[in-house]
Amino acid sequence: MQTFVQKYLNEMIILIEKLVNIDSGSLYKPGIDQVGTILKEHFSDMEFTYREIVEKEQGNHLIIQHKDAQKPEVIILAHMDTVFPVGTVKSRPFRIDGERAYGPGVIDMKSSLVTLLFALKALIEHEEVSYKNVQIFLNSDEEIGSVTSRKWIEQLAKGKKYALVMEPARKDGSLVSSRKGKGNYVLNIEGKAAHSGIEPEKGRSAIEELAHKVIQLHELSDPENGISVNVGLIEGGSSANTVSAHASAHVDVRITDIEQAETVEKRIEEICSTTEIPGTTISLEGEMNRPPMEKNKGTRSLLKIIEEVGESIGVAVEDTATGGGSDASFTAALGIPTIDGLGPVGGNPHSEKEYLEIPSLVERTHLLAAVIKRLSEE
């Protein structure tokens, strides 16, 4: 299969360029649906059928499987959205420099979409019927927490034996065997405005109240136990000489195991249930929206299979933990053995320096195809 993939490497790069050069930020439905249309055409050419889940505001989701598939046992997850706003492609389109390709979403995860497509092409070319044993879900809102797609992921994953997630491999090529759980909260504080020079005593500072809350929230962090609470964005006030009537904060929470979720959430609610500055009020919105992906017995078993497959084709497979979130958390929380990071190798996602290691396309496409074949024999 490696020879097949190598033969079509240039075709893969051309398709990656086409996808990268489409703005498909999570909030830009036309771009995401354009990406989806291209992928539907390619999968249809391979006799895969699709069901399109129409969304009004975000891009549509796609459920894809071969026309002859009968109760596929492997679910493969990938996403079509990126974090970049409309206009990014115009300012820095796809380009190649040496053995690296650059562009918005090139590694997270336009190249993974192409890797998946060509892995299945390789299986079909070699008459390996395992391509009938996969169900693919391509969503449009992973980068904003899979708000509309989570229910579909959980519904489709039930009854599956394995879950493979196409986030990119780490810079060193490692797969991802565990991820932290994630929560997002917003604090809105209301105070009372007053002139800070003439009658400050009549004011109630929302910013001062927020300052107390930022310190209290940060004190919930427990690095030794894998808990981090970060107030990453604050807003408030109207002018330097006005006691602020409003302030807000966006809070990012990461946990290592599911038991920590309830404890941390309870503490956040307690902190926001009282105020330090009389006359101010607080409202709290948000939740723990991604459970942790824990490296449990099932994950270890699946990882061992992938390591054996890698060894058989000359690809060294290592794994790592990461604090970033992905849809792998949803399948793992259902008890389905899940491995993430099965896309090609690259780095610096979500930045202007995002890149793909082009040589990794052949290796990782071959690995994915071989893993699908092996899992269908288990």
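The values are calculated or read from the model by the stated rules, or taken from the named source; none is laboratory data. Please read these numbers as outputs of a predicted model, since none were measured by experiment. Backbone-built Cβ (ideal geometry, glycine too); neighbour counts: all protein chains shown.
May I ask you to list the residues in region 1-27 that are touching a Phe, Trp or Tyr at 6+ places or on another chain (Cβ under 9 Å) and farther than 20 Å from Arg95 by Cβ?
Phe4, Val5, Tyr8 - these are the residues of region 1-27 that are touching a Phe, Trp or Tyr at 6+ places or on another chain (Cβ under 9 Å) and farther than 20 Å from Arg95 by Cβ.
Could you tell me how many of the residues in region 155-191 are under 14 Å from the mean Cα position of the chain (by Cα) and of a type in the set (S, T, N, Q)?
1
Which residues, taken from region 309-326, are under 22 Å from Gly347 (Cα atoms) and either more than 14 Å from the chain's Cα centre (by Cα) or aromatic (Phe, Trp, Tyr) (or both)?
Across region 309-326, the qualifying residues are Gly310, Val315, Ala316, Val317, Glu318, Asp319, Thr320, Ala321.
Would you tally the residues in region 1-26 being aliphatic (A, V, I, L, M), modelled with pLDDT of 95 or more and surrounded by 16 or more Cβ atoms within 10 Å (Cβ to Cβ)?
Result for region 1-26: 7.
Could you pull out the residue among Lys266, Lys295 that is surrounded by fewer than 19 Cβ atoms within 10 Å (Cβ to Cβ) and free of Cβ contacts under 8 Å to residues at least 24 places away in the same chain?
Exactly one of Lys266, Lys295 is surrounded by fewer than 19 Cβ atoms within 10 Å (Cβ to Cβ) and free of Cβ contacts under 8 Å to residues at least 24 places away in the same chain, namely Lys266.
Which of the following residues is more than 20 Å from Gly173 (Cβ to Cβ) and either assigned to a strand (DSSP E or B) or of a type in the set (D, E, K, R) (or both): Leu284, Leu356? First the steps, then the outcome.
Working: Leu356 fails: more than 20 Å from Gly173 (Cβ to Cβ).
None of the others qualify; the one that does is Leu284.
Just one of (1) part of a strand (DSSP E or B); (2) modelled with pLDDT of 95 or more; (3) in contact with a Gly (Cβ under 9 Å, 6 or more places away or on another chain) trips up Gly279, so point out which.
Going through (1) part of a strand (DSSP E or B); (2) modelled with pLDDT of 95 or more; (3) in contact with a Gly (Cβ under 9 Å, 6 or more places away or on another chain) one by one, Gly279 breaks only (1).
Can you pull out the residues in region 242-263 that are modelled with pLDDT of 95 or more, hydroxyl-bearing (Ser, Thr, Tyr) and either buried (at least 20 other Cβ atoms within 10 Å of the Cβ) or in contact with a helix residue (DSSP H, G or I) (Cβ under 8 Å, 6 or more places away or on another chain) (or both)?
Scanning region 242-263 gives Ser244, Ser248.
Can you name every one of the strands (runs of 3 or more DSSP E) wholly within region 1-89 that holds 1 or more residues which are closer than 22 Å to Ile372 by Cβ and outside the structural domain of Pro337 (by TED's automatic domain parsing)?
Ranges flagged: none.
Of the residues Val176, Val186, Val147, Val134, which single one is farther than 25 Å from Ile306 by Cβ and in the same structural domain as Thr49 (by TED's automatic domain parsing)? Lay out the reasoning, then the answer.
Values: Val176 fails: farther than 25 Å from Ile306 by Cβ; Val186 fails: in the same structural domain as Thr49 (by TED's automatic domain parsing); Val134 fails: farther than 25 Å from Ile306 by Cβ.
Within the list Val176, Val186, Val147, Val134, the selection yields Val147.
Would you check which residues across region 327-355 are of a type in the set (A, V, I, L, M, F, W, C) and more than 17 Å from the chain's Cα centre (by Cα) and list them? Can you show your working first?
Just the residues of region 327-355 that are of a type in the set (A, V, I, L, M, F, W, C), to begin with: 328, 330, 332-334, 336, 339, 342, 345.
Within region 327-355, Leu334, Ile336 meet the criteria.
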